Structures are given as structure tokens and as C-alpha cells.
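As C-alpha cells, the structure follows; a few thoughts come after it.
The values are calculated or read from the model by the stated rules, or taken from the named source; none is laboratory data. Note that this is a predicted model, so its numbers are computed, not measured. Glycine gets a Cβ as well: all are built from the backbone with ideal geometry, and neighbour counts include every protein chain shown. Just so you know, the surface numbers come from the protein's heavy atoms only, side chains and all, with ligands and any DNA or RNA stripped out. Shrake-Rupley method; radii C 1.70, N 1.55, O 1.52, S 1.80 Å.
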Amino acid sequence: MPCPRPKDTPWVHPIGHWRFCRRRQRAAQHAPAGALRACLESPLPSARHVVADCRFLAVDLETTGLDPEHDAILSIGWVAMDGVRIDLSTADQRLVRADCPVPEQSAVIHRITDREAAGGTTVDSALDALFEALQGRVLVAHHAALELGFLEEACHRLYGVRPPLPVVDTLRLAERQLRRAGRPIPADGMRLHTLRGRYNLPQYRAHDALFDALAAGELFAALVSQLSPEARVPLERVLFRPGWLW
Amino acid sequence: MNGELEEIREFLERCPELARLPSETRTSLVRRLTLRYLREDSPFPPEDAPPGELWIVRTGAAELYDAQDQLQDRLGEGDLLNTAHTDNLHGRITEDALIYQLEADRARDLAGRDGAFREFIDLGADRLRAPAATSPAGERSLLTTPVRALMTPRPIMSPTSLTLREAAQRMTEADISALLLHEPGKEDLPVGILTDTDLRHALAAGTDPGCRVADCMAQPVASVSRDTPAFDALLRMARRDIHHLPVTDGENGPLVGILSSTDLIRHQGTSAVYLVRDLRRADGLDALRDVMRALPSLQVQLVEAGADATQIGQTITTVIDTLTQCLIEQAEAKLGPAPAAYAWLASGSQGRHEQMVHTDQDTALVYDDAAPPEADAWFQRLADEVGEGLAACGIRRCPGDVDPSQPHWRRSTSDWEREIRRVLSHPSPRDAMLATHYLDLRVIHGPTHLFEPVRHAALEQGYRSEALLSTLADQARQLRPPLGFFRQFVLERGGEHADTLDLKMRGLMPIVALARVFALRAGSDARGTLERLRAARHAGALSEGTGADLIDAWQFIATLRARLQAEQIRRGSAPDNALPPNELSGLERSHLKNAFRLVAHAQKTALAQAEQVHG
């Protein structure tokens, strides 16, 4: 039984928030001039702002495996959200030219072959485009730890910094909602596609970074609408690990 | 590199209303959309949405209501709402929905760049013309085939001076069933026709085979022009109960051929002619009832032959007119001679020549002013006899008592004149129904002079009566077309809406009512809905565009109804007007919705004009 929180206790602890801001400032100072630094310097919405007034970027990474230290990013897809409105004009993705051959297994899942990957861009410029889009926005991803891990690792390798990013994890958000509703959480039931069925969202055939980003964004909109139809819910209620990160 | 939103483009392609846009337009549409997730019971369109936006339902469902909280539309997957054309509508989400939104400024921007999209947005009520024109009629159908393609060319002509035996010999030699006859010396002008039937009758009557054929032939001879559609020739035969028509080159031109009912039957013809003949020959009510059992299959045949609603309506009405006439004759034979001249009137769809197999009786009676007071009892007995006869033949009595066995619908000429004047000059809303019936009345048996002058005088008066026009316009407005209806998947999910659509009440009657107003406005005496609309358009009471829209909408809905009934008959169920929407194809569904929109639009705009202009 989770301990009920007193109503006026903030989800984001002031000390945690102060630490988060400091780490972000420091990372910005160490980052080379460019999109990453601009992104880290961009002002963040207050955690008390309602979701409807915040801006998000739904992101999905396709990778050669699950280990950020050994596996590589294959492609990055994203789409911007104003509040919970997804703006398709911002939908974009980058294929990353792989330095190592694409393992057969992940090629089957993502349908990215060596040849296609070779036609892509460098991780460097893919991240540039991503951080450009991420300025002033909160990242939304399904099972965000994976996205965060790969982004931090790649930035560390390229720029020597691990950027502290505010994140919404749709998997954790869904889990929390199901648990609060007293529903059992089925094995395998937290996968993006299973959850989408639950919220009457269309099933996309495509399994690429762009459509998975879109899928995560739609799921986020659906989850927020369960909390408040007009998305009048404070940002801190939906943030991933608010006490730590913020 | 921009990602490909291929799946969303494919989805837009599947939306019936967007399917007709060029694919480049749909592609540029995709990148201008925003996505919203709206929960069940939240308002739709959302309160923050300005007008001029386009909404496309990806998943889920919504309902729309007008200012009076009447359900106007249900939207399901793939349905579209253009808020520029739906002011005063409000609604709510009935099932959690993912919706694509095209914001107003983006819609304007795209319209500025893309002509196809601009047209699409401006014409919220899309034109039906193209699809309606391409609906069923095949190339080989009787409607499009001119008589000249079916006739036997260069028919054998003989002088009237032949003897009966000589005529029979010529017919046997040439293996023909009818011989055209001309006056000696005038060889391309048939004055009479001798058929197998005439020969048989002559023989049976003991006529001398040596007598002149002129004494036995049928005359005068009805003819058709070679360019007449075969269907019209068929109708002409059915109405006159004849089986041969000489074909001329143009009206009253020289003879070029002869058309027999067999020629028509051979070309997917119908048994309309035979049905009428069998009715005329039937002796007694039971025989009539047996003949009338073939009526449903006549409608099936007509539908299969590609006839449109007008033609089917004309044919079925002809059959039912004939049946009524036969029943009247039988009743007269039973009740003795009529005490005064009288005429039998039909109203409703029969009056308008728009009957289908699923119909009921809307009839009235008028008798001469000179009838003695006790005559009324005889007419009442006649009305009872005929009404019961029609009911026995499968035509239900009128649920609204439009029936000459009711005194209201059985009057002398001058009594009718008073009653119609009363209703048309100061119609109360309660009288609106009566007024519509009076305007559709048509003589189907007996002398027309007993009623036609009354109707003409009434039209003269109604044309100037603002009260009548506005009463009828109000009535026309109350018949709301269902601006939308359930798509298949919405039906399945929301089981309580597993409803059907009444194509007659909700689809045709609104147009019929509109046509009546516009025709009255134009001072036309037409009865048929299409004739009324054409007359109104011709007289300027109805704009070209709206007129064409309503004509197309009527044709489309009425033909759909005829086809629906044919399908029901084929399946062995009783024909009615209830259409289960999920039996429609996506395209038909989309056309039907468009037709309803056109009607709703005409109700809103054109009616107001018809009321305003003073005669």
C-alpha cells in the first residue's frame, strides 16, 4: 500500500529541484557551444505549471541493443507536443550511420539494414537536430530510462557531459494509473502496443523511431486525459522520478 | 530528413470524404494536422476550437446536436467534421477518441496553395452530380436504349382494302404478329393495326373471312418516335394495354419500324405490360390479387434492368392506377350504375407518380355537383369496396385516413373547392398535412373536369398566399434529414444505436416537401417531385445549383430505396423503407451523407428565399 501523500506536499522537493537546476547549469557550462548547450540553457517550465501549458517532445530511439555502453543508436524519431496536442508538422526522424554492422536481430525488428544505416547521418548531427527540437521542452518516452541512458552515454562520449533532462515516462505513468485504479498489472501489459489498445489508440504497423515516438506521444495524451480531460494537472504529477531529477 | 508519415496518409485515403482529393493534397494535409486525444463525455469540438477547423476521427466516436438538442450526426472512424459548415452544432465524445485537427489558419494556408483543397473546404456540401450520374444504369438498359435499336425495321404494310383472310395469309407468310394497314395510296401513314388477337376475336365472333380488314383493325394507332427511350415506349404500352407500336422518324414523321412488347422483353424487358394486361383481364378480386403477387418481382426486374427511381415510380404507379380502375369497375358492376358522374383521386406518392411496392392507399373521391343527396351513400359503398379490394391486393389502407370512405375525402366538386380554398387561404399548422395532400391530388379514374379546374384555381390562389407558403415551408423544415448516421463499426460498438434509417421519411420526404414549396412558389402545377424541382428552377424560384443538387439527391436516395426494396424482395422478406446503414458501401454512405447535407442546406437557405419573395 503506497503511503497517501498530504495534499499540499509538493511532488518535487525544493532541494531536489535546486540540485537538478545546478547540475543542468554545470552541464551547460561544460557542453560545447551548439544545440545541446542551447537546450540545457533553455528555461524549463515550473513543475507546478499545468500540463496543458507545458511543451513536450515525444522521442523514441531505435538501438542495436539494450546496453548504452556497448550498443549504438540506429535512429531517433520525435514529434513536438504543445500541452497534449501533437503537431505532425514537427514529426521528424534521423537515421544514424552505424559504425559497427547492424546486428541481425535488431535489423529484423527495425527493418534497418546496414545499407540504410550507412545512408544515414552521424550520431553527432542526429543529436544536434534532436536537442534543437528539445529546447524548452520536456522529453516524453515509453520506458524513458532506455532513451535517457543512450542519450547520456552518447553525449558523454561526444561532448563530455551527461545532460540532466526532465522526462515523462509513459510506462511508469500508466503503471501508476493502473495501480491507483486497483487494476492488476498483467505481465507484458505495459508494452507500448498493449497499452495503446487499452486506450483505444490505433495500432501502427510501422515500427520505426518516428511512429514509436508518435505512439508514445499519443499514449501520453491519453494518460493525461485520464487525470484531467483538459490536461489541467500539474507537470510534477506526470514527471518521471520528480524527486530525483528535478 | 523528414520522417514518412505514410500510415497517416493511408488512413486519410480511406476516409470516404477525403478519398476524392488528389493524393498530393492528402500528403500536404498530413503534415498540417495536429492530434488530440479526447475523452468520453468531453465536449466536441473542444470549447477552445474556433470555427473553420477540420476534424477527422481516427478512433472513437462523437455525437453532434443542433441548438434544439436534436441529434444531427454521429461521427466514427474516418468521419469528418468541417466546423465552417456546422455553426450552431455542439457535441460530445461518446467513445475515447483520437482525432486529427486541421487548425483554421493551417486550413486557410493550405487552401491558398492547393486548389483542390480550397474547393473541398468551400463546398462543405460536396456535389453529388458525378456519382449520381454514374449510378447503376448499364449501357444496355431500357432507359438509355432508343426504340430504334430494338424495333423491327421496315415493317410490312398492307392496304386496308385487304380481306381478313388475305391479311391472315400475309401475317403467316411473314411470321409476324401484327400487320400495319394504310389507306390505299398513302403508304407511310399507318391508319390501323391488325394483330393476332384481333384475328382471334374476329374468328370467335364468326366474322366472314372475306370481309374487309378495315372493319376489324384497331385504330387510331399510337406511335413513338425512333429516338424515344425504350422505357417510355414500354410505359406507353402498359398504360394503353397494347403490345405493338409503330415507330416513326421524329414526331409524326414517316414510318420506319414497329416495336412489339416481345422486342422489349427480349431486351431485359419487364413484365409491366403483361401485368397491366393481366389486371385488365382478371375477373374478380381473387384473380386481381393473384396478378398483383407479381408486383414485387416487377420492381426487382426494373432495378436489375438499371431503371432509376423515376422510371420505377412511374411503372409501379401505372400498375396500381390500373388495379384501382379495375376494382372500381368491379365495384360498379356490383353496386349498379353510379348515381352521378364522379372521379377517383389519388394523393401522396401515387398522385406524384412515385409509388414503390411498399406503399399505402392515399385516395379521395369527387362527384358532380348535380348528384342527388342520397348519392353519397352509394359513393361511400364504392369507397369501401375499392378500399377493401386494394387492401386485399396488398396495398394497406391509409393510416392517416386519407380515404374516400371518410366523409372528409368524399365531396362534390364545389364542396372540394370550398374546402381546398379554406385550407389554402388560412392554413393552420394542423392543416399543413391536408394542404400537402390537396396539392398532390390526381384524377386516376373518371372525368378530369370534375377536379382539375378546382386544383388549378387552388394553385392560382396558393401561389399568392404567403400564409400557405410559410406553413408549407415550416412543414418542410420539420422533416429533418439525418445529417449523419452510424458507420458500421460505431453500430457494432454502440449496440443501443443498432438502428436503421428510414429512407422515405428521413430521406425522400424532406425533398418532396421542399419541391412542393418551390413549385407552388413558381406557380407550377406539376406533381412529380423532379418535375416540380425542374419547373421551379426554370421559373427562377430555385437557383440552378440548389435545384440540381436537390434533383440529384432525390434521384440518389429514391434509387437507393428502390434497390434496397429489390434486395429485400430477393431475400424473401417484406419490402420496407428501413435501411441498415452497414449494408452500404463506403462510397454510397458518403454519397448518402452528402445528399442529406444538400437537403439540410436547401432547407436552411433556399426556403427562406422562397418565403420572402412576394408573388
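If you take the Cα centroid of the range B:408-479 and the Cα centroid of the range A:178-207, the two points sit 65 Å apart. B:THR310: net charge of surrounding residues, Cβ under 12 Å, Lys/Arg +1, Asp/Glu -1, itself excluded? Here the charged neighbours net out to -2. Between B:ALA19 and B:GLU173, the contour length at 0.36 nm per residue exceeds the Cα-Cα span by 49.3 nm. Label sites at B:ARG421 and A:ASP53, each approximated as a point 7 angstrom past Cα along Cα to Cβ, lie 7.5 nm apart. Residues whose amide H falls under 5 Å from that of B:LEU579, counting only those 5 or more places apart or on a different chain, are B:LEU501, B:ASP502, B:LEU503, with hydrogens built in the peptide plane. Quick one: pull the percent of accessible area on the protein assembly as shown belonging to carbon and sulfur, 1.4 Å probe, ligands and nucleic acids left out. Carbon and sulfur together cover 50 percent of it.
The residues of chain B expose on average 42 square angstrom of accessible surface per residue, using a 1.4 Å probe on protein heavy atoms. In the full protein context, the range A:14-241 carries 44 Å² of accessible surface per residue, based on a 1.4 Å probe and ignoring ligands, DNA and RNA. For A:ALA91, the residues whose amide H sits under 5 Å from its own are A:ALA80, ignoring neighbours fewer than 5 places away on the same chain, with H placed 1.01 Å from N. When the Cα convex hull of chain B is projected onto planes of every orientation, the mean area is 33.5 nm². Axis of helix B:413-425 versus longest Cα principal axis of chain B: the two differ by about 10°, to the nearest ten degrees. Working note: 222 nm ellipticity from helices only, DSSP H runs with n ≥ 4, each -39,500 (n - 2.57), summed and divided by the residues of chain B, gives -14500 deg cm²/dmol to the nearest 500.
The string of couplings for the range A:31-41 from the Karplus curve (6.51, -1.76, 1.60, θ = phi - 60°) is 6, x, 4, x, 4, 4, 5, 4, 5, 5, 7 Hz, one whole number per residue in order, with x for Gly and Pro. Percent of Cα-Cα pairs more than 32 Å apart in the range A:14-241, please. Of all Cα-Cα pairs in the range A:14-241, 17 percent lie more than 32 Å apart. Between B:ASP109 and B:GLU460, the modelled labels are 6.5 nm apart [label points 7 Å from Cα along Cα→Cβ]. Would the range B:316-462 count as rounded, prolate or oblate if I go by the C-alpha gyration tensor, calling it rounded below 1.5 in a/c and otherwise prolate when a/b exceeds b/c, oblate otherwise? The shape class here is oblate. A probe of 1.4 angstrom, applied to the heavy atoms of all protein chains, finds B:LYS604 with accessible area near 140 square angstrom. A simple spin-label model places the labels of A:GLU41 and B:HIS538 8.0 nm from each other, with each point 7 Å out along Cα-to-Cβ.
Seen from A:ALA144, the other residues with C-beta closer than 11 Å to its C-beta sum to a net charge of -1, counting Lys and Arg as +1 and Asp and Glu as -1.
Of the whole protein surface, A:ILE86 contributes about 0 Å² of accessible area at a 1.4 Å probe radius. Computed with a 1.4 angstrom probe on protein heavy atoms, the A-B interface buries about 2400 square angstrom of accessible area in total.
Here the protein assembly as shown yields Rg over Rh of 1.15, to two decimals, using C-alpha coordinates and the Kirkwood radius. Dividing the mean sequence gap of close Cα pairs (under 8 Å, 6+ apart) by how many residues chain B holds gives a relative contact order of 11 percent. The accessible area of B:HIS449, taken with all protein chains in place and a 1.4 Å probe, comes to roughly 130 Å². Between B:ASP249 and B:GLN70, how high is the FRET efficiency from 1/(1 + (r/R0)^6) when r is the Cβ-Cβ distance and R₀ = 41 Å? Nearest 0.05. Taking R0 as 41 Å, the efficiency between B:ASP249 and B:GLN70 is 0.10.
Work through the residues other than B:ASN577 whose Cβ is under 11 Å from its Cβ and net out their charges, Lys, Arg +1 and Asp, Glu -1. That sum, taken over residues with Cβ under 11 Å, equals +1. Karplus-derived 3J(HN,Hα) values for the range B:48-57, using 6.51 cos²θ - 1.76 cosθ + 1.60 with θ = phi - 60°, are 7, 7, x, x, x, 9, 10, 10, 10, 7 Hz; glycine and proline are entered as x. For chain B, the longest principal axis of the alpha carbon atoms and the long axis of helix B:230-240 meet at an angle near 50°.
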